[in-house]
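A.B. asks: Pasting a structure here, questions to come.
The values are calculated or read from the model by the stated rules, or taken from the named source; none is laboratory data. Keep in mind it's a predicted model, so treat the numbers as computed, not measured. Here the Cβ is made from the backbone with ideal geometry for all residues, glycine too, and neighbour counts use every protein chain on show.
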Amino acid sequence: MKLEDLRKMVEKEGPDEVPEGEARFRVTVGMGTCGIAAGAREVLSALLDELEKRGVADVIVTQAGCRGMCDREPLVYVEPKEGAAVTYEHMDGGKAREVVVRHLIGGEAVAAYQIAGEGPKD
Amino acid sequence: MEDLSLHILDIVQNSIRAGATKVQIDVEEDAAANRLRFVIVDDGCGMTEEQLAKLHDPFFTTRSTRRVGLGIPLLKQGAEQAGGGVTITSRPGAGTTVEACYELDNIDRPPLGDLAATVWTLLVLNDNVLFEYRHTRDGREFDVSTAQLRHNLGTRKFSTPKLAAALRQYVADGEARLAAA
């Protein structure tokens, strides 16, 4: 793919940005040394890929540094526009795709991957 | 870190946390010289001589959330095991340069890993930072820069799923062409 092809592809697609305040979710991936070593790059990649495949545009994906829970990385924080935030631990590409489908599209947090001691865990 | 692409991602993330607005990443594979080298130059806040001296100590970090810093000690260990080394130069206010080199054919050299995934991740997550990435392999090269992308794509956010997917393909294609040569 040439730069020219990239430009045409993007022009054809048109803008898909949502203003900051209108996004339904903000999803944050821990990208400190600990997150990167544990597989955060693959988690970010899977999240964005699944969002794109499913045509979801009203979710903002961003990053955070180390928050001191290195042994639980890769960590993903999901903050809805309204309601309580959820932290997912020990994520991988497959789990990230599941969170897109069940939580970001389906609206139900995936309890099995939620960090211990936060919210319902069954 | 399993491979060099993850080290590069980690080091550049340090640059960004140091307030860098411009980061240059060069990766050179030179079979004739039996050398693999990467250099990362940033314009972040830099380090004092004292901080620089402590950088190779895993129990030194400026972070408050975790008391062990492992990025640079691991990089140094990997390079030294593969007939190379790491050089870091820095001055407060003048940015930091990290250079790592390896013997290309050393069996202990960590693999390059997925450079396309690292470059894509950096572009998508830090679209306010000016990146200049260049990967040369025995005289051939692939390069991509934020300025070049902005010139063609305007001011759109790189992290929207659609644009991120297009960028992923663009960077992966560039690296694949280089690998196929």
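A.B. asks: Pick from B:Leu125, B:Leu112: which is touching a helix residue (DSSP H, G or I) at 6+ places or on another chain (Cβ under 6 Å) and either crowded, with 16+ Cβ neighbours inside 10 Å or more than 9 Å from every other protein chain (Cβ to nearest Cβ) (or both)?
C.D. replies: Only one candidate passes the filter, namely B:Leu112.
A.B. asks: Tally up the residues in segment A:39-74 that are buried (at least 17 other Cβ atoms within 10 Å of the Cβ), touching a Gly at 6+ places or on another chain (Cβ under 7 Å) and under 11 Å from A:Val27 (Cβ atoms), please.
C.D. replies: Of the residues in that region, 1 qualify.
A.B. asks: Those residues that are more than 9 Å from chain B (Cβ to nearest Cβ) and not aromatic (Phe, Trp, Tyr), I need them from segment A:15-34; list them, please.
C.D. replies: Of everything in segment A:15-34, those that are more than 9 Å from chain B (Cβ to nearest Cβ) and not aromatic (Phe, Trp, Tyr) turn out to be A:Pro19, A:Glu20, A:Gly21, A:Glu22, A:Ala23, A:Arg24, A:Arg26, A:Val27, A:Thr28, A:Gly30.
A.B. asks: So, one more: List, please: which pairs have Cβ atoms under 7 Å, are six or more places apart or on different chains, and start with a residue in segment B:141-156 that is within 9 Å of chain A (Cβ to nearest Cβ) and end with one that is in a strand (DSSP E or B)?
C.D. replies: That search, which allows pairs on different chains as well, returns B:Val144/B:Tyr133.
A.B. asks: Turning to a different aspect of this structure: Restricting attention to segment B:127-147, which residues are polar (S, T, N, Q), outside any strand (DSSP E or B) and modelled with pLDDT of 95 or more?
C.D. replies: Answer for segment B:127-147, where residues must be polar (S, T, N, Q), outside any strand (DSSP E or B) and modelled with pLDDT of 95 or more: just B:Thr146.
A.B. asks: Still on this structure: Yes or no: B:Arg109 touching a strand residue (DSSP E or B) at 6+ places or on another chain (Cβ under 8 Å) and assigned to a loop (DSSP other than H, G, I, E, B)?
C.D. replies: yes
A.B. asks: Tell me, which helices (runs of 4 or more DSSP H) lie completely within segment A:1-108 with 3 or more residues that are touching a residue at least 40 places away in the same chain (Cβ under 8 Å)?
C.D. replies: Those helices (runs of 4 or more DSSP H) span A:40-53, A:93-99.
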